[in-house]
Protein chains: 2
Amino acid sequence: MIGTGIKRGTAELAILSVLEDGPLHGYELAQRIEKQTRGALRFTLAALYPTLYKMEQRGWVRGNWETSRNGRRRRCYSLTSAGKTKLSPMREEWAELFRALRQLTKVSDA
Amino acid sequence: MIGTGIKRGTAELAILSVLEDGPLHGYELAQRIEKQTRGALRFTLAALYPTLYKMEQRGWVRGNWETSRNGRRRRCYSLTSAGKTKLSPMREEWAELFRALRQLTKVSDA
DNA sequence: CCCTTACATATAGGATTCTTATATATAAGT
DNA sequence: ACTTATATATAAGAATCCTATATGTAAGGG
C-alpha cells in the first residue's frame, strides 16, 4: 500500500472522483477507493469522515441521512454541482504535479 | 504554482533527484527544483533545511561545510550511496500513486 | 557612503492531513 | 453467545508544509 507521507492530499480528489459515479455513504466510499485502486490507495474512516464534513461545509458534497428498512441510519453523500466544478481544476493541479515530478526525476507512469 | 496540500511529501524525492546530478548547497537546491519544474514546484528554505537535516541523519545525504574564497560559509549536500539506493523504491511508490489516481479519476498526464 | 537586493543558513509557531485508539450501535453468521 | 461486518464519531498524536523572524556577508546603484 502507498505510504501516508506520499498519498497526503489525495483524499479529496479520491472522494470527489468516486462520487462522480453516484452517491455513496462513507463506509462504502472507503471500500470503493480501495477496490478501484486494487488496494494501492486506502484511507481509514477516521480520515474520511472529517474530510467529508469539511467538503460538505464547502458545498462540494451533500450528505443526506437515510434510514434503511432495518432501521439502520447512515449518511449518503452525493456530489453537488459545485463539487463537480471543483473536479477539473483539481485534476489539472494533480496533473501538474505529475509533470513536475517527471521533470525532476524519472518517475515512470507505466 | 502547485498548492501546499497537494505537493506534500514531494520534498524528499525532489531533493534526492536533483542531488543525483551533483552536489548542491541548500539555497541552490531550492532554485534548482523551481527552475527544473518551470516554477510549478517550489519550496521555501524553511521547509528544505529541516528536511535536509532529517535526511542527513538517515544517511541519505551528506552535508559538508565549505568556505569560499570570500569567506562565505555554506553547506554542500551530496547524495550518499544509501540515498541513491532509496531513490528507486521511492520513485516506484510515486509511480504507484500516479497509477492509483489514474484508476480513480481522469488525471491526464500530458 | 548608504541602501537595497541577492546570497546563505537557522528556528519558532501555526495549519493541514493523515494515523491509531476509542466509543457507540445494529445486523448477520457460526 | 460470540465474532465479524456494517456504520458513524471523536480525541490524541505524527508528519510535512507554511509564514515570520533572526542573523550575517557580498554586490550594485544612487
Could we say that B:V61 is within 12 Å of another protein chain (Cβ to nearest Cβ), in contact with a strand residue (DSSP E or B) (Cβ under 7 Å, 6 or more places away or on another chain), open to solvent by less than 80 Å² (accessible area, probe 1.4 Å) and in contact (Cβ under 8 Å) with a residue 12 or more places away in the chain here? no
Any idea how many residues of segment A:58-74 are under 24 Å from B:Q103 (Cα atoms) and near DNA strand C (Cβ under 10 Å from one of its atoms)? 0
Note on segment B:54-70: residues under 12 Å from B:G26 (Cβ atoms) and within 11 Å of DNA strand D (Cβ to nearest atom) are B:M55
Could you check B:R73 against (1) open to solvent by 80 Å² or more (accessible area, probe 1.4 Å); (2) away from every other protein chain (no Cβ under 14 Å); (3) more than 15 Å from DNA strand D (Cβ to nearest atom); (4) touching an Asp or Glu at 6+ places or on another chain (Cβ under 9 Å) and say which number it fails? (3)
Within segment A:12-22, considering residues that are of a type in the set (G, A, S) and at the interface with chain B (Cβ under 10 Å from one of its Cβ atoms), the one farthest from the chain's Cα centre (by Cα): A:S17
Among (1) open to solvent by less than 50 Å² (accessible area, probe 1.4 Å); (2) touching a Ser or Thr at 6+ places or on another chain (Cβ under 9 Å); (3) away from DNA strand D (no atom under 14 Å from the Cβ) - the single one B:S78 does not satisfy: (2)
Scanning segment A:23-57 for residues that are more than 9 Å from DNA strand C (Cβ to nearest atom), within 14 Å of chain B (Cβ to nearest Cβ), without any contact (Cβ under 8 Å) to a residue 12 or more places away in the chain and open to solvent by 20 Å² or more (accessible area, probe 1.4 Å) gives A:Q31, A:E34, A:K35, A:R38
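For every residue, the table says whether it meets (1) under 30 Å from B:I15 (Cα atoms); (2) within 16 Å of the chain's Cα centre (by Cα); (3) not polar (S, T, N, Q).
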position	(1), (2), (3)
A:R62	no, yes, yes
A:T67	no, no, no
A:L79	no, yes, yes
A:M90	yes, yes, yes
A:L104	yes, no, yes
Take the residues in segment B:81-110 that are open to solvent by less than 30 Å² (accessible area, probe 1.4 Å) and touching a residue at least 40 places away in the same chain (Cβ under 8 Å); name whichever of them is farthest from the other protein chains (Cβ to nearest Cβ). B:G83
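Among the residues of segment B:34-42, is any of a type outside the set (K, R) and under 30 Å from A:E20 (Cα atoms)?
So the first thing to find is which residues in segment B:34-42 are of a type outside the set (K, R), and the list is B:34, B:36-37, B:39-41.
Subsequent filtering for residues that are under 30 Å from A:E20 (Cα atoms) retains B:40-41.
Within segment B:34-42, one or more residues are of a type outside the set (K, R) and under 30 Å from A:E20 (Cα atoms).
The values are calculated or read from the model by the stated rules, or taken from the named source; none is laboratory data. These numbers come from a predicted model, not from an experiment. Note that we place each Cβ from the backbone using ideal geometry, even for glycine, and neighbour counts take in every protein chain shown. Heads up: the accessible areas ignore ligands, DNA and RNA and are worked out on the full protein's heavy atoms, side chains in. Shrake-Rupley method; radii C 1.70, N 1.55, O 1.52, S 1.80 Å.
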